[in-house]
1. Test of the criteria: in segment 26-64, which GluC sites (Glu not before Pro) are in a DSSP loop and have at most 14 other Cβ atoms within 10 angstrom of their Cβ?
2. If the chain between Lys75 and Arg54 were fully stretched, how many nm would it gain, using 0.36 nm times the residue separation less the Cα-Cα distance?
3. Once amide H atoms are placed 1.01 Å from N in the peptide plane, what residues at a sequence separation of 5 or more from Leu85, or on another chain, have their amide H within under 5 Å of its amide H?
4. Would you please give the residues with an amide H less than 5 Å from that of Arg71, counting only those at least 5 places away or on a separate chain, with H modeled from the backbone geometry?
5. Quote the relative contact order of segment 1-41 in percent (integer), defining contacts as alpha-carbon pairs under 8 Å separated by 6+ residues.
6. Lysines near Lys64 by alpha-carbon distance under 16 Å, same-chain residues fewer than 8 away left out - which ones?
7. In whole percent, and with a 1.4 Å probe on the protein chains, what portion of the accessible area of the chain is carbon and sulfur?
8. Using θ = phi - 60° and the Karplus relation 6.51 cos²θ - 1.76 cosθ + 1.60, list the HN-Hα couplings for segment 105-117 in order, rounded to whole Hz, with x at every Gly or Pro.
Amino acid sequence: QVTLVESGGGLVQAGDSLRLSCTASERTLSIYSIGWFRQAPGNERESVAAITRRKLTYYADSVKGRFTISRDNAKNTVYLEMSSLKPGDTAVYYCAASDWSDYLLLSNTYQHWGQGTQVTVSS
C-alpha cells in the first residue's frame, strides 16, 4: 500500500502556469508508473498524463504541448507542470500509482490513488 499526496493546486487566471506535486511518504515512487487524472464537477474522471519508471511519458490530447509530467526520484516526487491554463482545465487533479507500464492513460490501470488537489482557472 502506498499513500499518495498531491499538492500545488490553487486559483489562477487563464494563461497562468501551475505546478502540481505528487509524493509518498512511506514508499518510494520510483517503483511505480505514475499518472495524473482530473475530474470536473458533473464529469467523469479523465486522464491527463502519465510517466513510467523509465520516464516514458504519455499525454491526453487536450493537454499536449501545455502540460509536462516529470519525476525526480531523489525527491520521491512526480510533477505536473501546467501552462497556458484554460477555464476548461478546472478540476480536482489526482495522482495515481500503478505496478504496470502499459495502458497508463486508463484509470483502471492504477492501484493507488491520492485524495486530489483543486485547480481552478478563472477567465
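1. Working: sites: Glu26, Glu44, Glu46; in loops: Glu26, Glu44.
Taking segment 26-64 and a limit of 14 other Cβ atoms within 10 Å, the loop GluC sites (Glu not before Pro) found are Glu26, Glu44.
2. Details: separation 21, 0.36 × 21 = 7.56 nm, distance 1.60 nm.
Going from the current span to full extension adds 6.0 nm.
3. So Leu85 has HN proximity to Gly15, Asp16.
4. It is Tyr79, by chain and number.
5. Relative contact order for segment 1-41 comes out at 39 percent.
6. Lys86
7. Values: 2930 of 6360 Å².
Result for the chain: 46 percent of the exposed heavy-atom area is carbon or sulfur.
8. Karplus-based 3J(HN,Hα) across segment 105-117 equals 9, 10, 5, 5, 6, 9, 9, 10, 10, x, 8, x, 9 Hz.
The values are calculated or read from the model by the stated rules, or taken from the named source; none is laboratory data. What you see is a predicted model; the values in this text were computed from it and never measured. Every residue, glycine as well, gets a Cβ built from its backbone with ideal geometry; the counts of neighbours run over all protein chains shown. The area values use the complete protein model at the heavy-atom level, side chains included, leaving out ligands, DNA and RNA. Shrake-Rupley method; radii C 1.70, N 1.55, O 1.52, S 1.80 Å.
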